[in-house]
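I have placed the structure first, in the form of structure tokens, so that the comments after it can refer back to it.
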Amino acid sequence: MKWVVFNQKGGVGKSTICTNLAAVGAMQGKKTLLIDLDAQGNSTFYANCELDEKALTVADMFKQVSGWFSDQKKSTDYIHASCIESLHVMPSSVSLSSIERDLETRYKMFKLRDTLKTLEEEYDDIWIDTPPNFNFYTKAALIAADAFIVPVDCDDFSVQAVTRLLDNVMEIKSDHNPNLAFVGVVVNQFTSQANYPKALIASLKEKGLPLFENYINSAIKVKESHAEQRPIVLGYPKHKVSVQLKALHQEIMACVE
């Protein structure tokens, strides 16, 4: 199953959620691939994917399948180990930004889908982290995916952005990927003691959007796990947020069973 985690707004915890959901599956014994399409490389860093100067990245994959290199590489050549045995990473690169325009003008949005077709039998789940905007890489991910989830934080700007986001995604679905499924909205950075987050959640429900029942709380341990380059579900498995993320993973998997 190929999953995209996407929101056009930054700072909603997209990379944190994507990496931890991938980690949960890997810790359960699933062979899992995490693809980082964000030039910032947060998922690559968080999964502790250590690369040398010669390591091939997702940017090299796009260059290769677009005919920029004469030598042929296998899809697995762009995949590297992480801090979890069953979790592999196709890492980000800062060059994603510089090659984006060329890829878009050559209309190479389908190349990620083609690459993942060669990897589907090797992995139980593929998780794709996307940039915080509706750009070439996000479109390529949505064209390649089976399903997507949308994380939102408890902020009015984030909630307002969801409708615009879905309009964009539905256009991709209509034109290029009719089987793409919108699985649900993940409420992140939730504070149960405050009334404002509850009001925002009510607003999302009024829009008829599917919300996962398991909300993710704010916690300083999440930021500490970033610094440690170790997903919180691995470093602090009994922490409240880890328990919530594991329950969220179970809830997401139940949507496709």
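The values are calculated or read from the model by the stated rules, or taken from the named source; none is laboratory data. All figures in this text were calculated on a predicted structure; none of them were measured in a lab. Virtual Cβ from ideal backbone geometry, glycine too; neighbours counted across all protein chains shown.
Observations on the model:
- Filtered residues of segment 118-139 (kept if over 18 Å from the mean Cα position of the chain (by Cα) and without any contact (Cβ under 8 Å) to a residue 40 or more places away in the chain): GLU121
- Test: residue in segment 188-199 that is in a helix (DSSP H, G or I), on the phi < 0 side of the Ramachandran plot and in contact (Cβ under 8 Å) with a residue 24 or more places away in the chain: yes
- For segment 236-248, filtering for residues that are surrounded by 16 or more Cβ atoms within 10 Å (Cβ to Cβ) and either of a type in the set (S, T, N, Q) or more than 19 Å from the chain's Cα centre (by Cα) (or both) leaves 4.
Residue-wise test of (1) free of Cβ contacts under 8 Å to residues at least 12 places away in the same chain; (2) touching a helix residue (DSSP H, G or I) at 6+ places or on another chain (Cβ under 7 Å); (3) buried (at least 20 other Cβ atoms within 10 Å of the Cβ).
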| site | (1), (2), (3) |
| --- | --- |
| ALA141 | no, yes, yes |
| VAL152 | no, yes, yes |
| GLU171 | yes, no, no |
| GLY184 | no, no, no |
| LEU211 | no, yes, no |
| ASN214 | no, yes, no |
| ALA219 | no, yes, no |
| GLU228 | yes, yes, no |
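- Check on SER158, buried (at least 22 other Cβ atoms within 10 Å of the Cβ) and farther than 24 Å from LEU87 by Cα: yes
- Some residue of segment 49-70 being at pLDDT below 95, surrounded by 17 or more Cβ atoms within 10 Å (Cβ to Cβ) and within 16 Å of the chain's Cα centre (by Cα): yes
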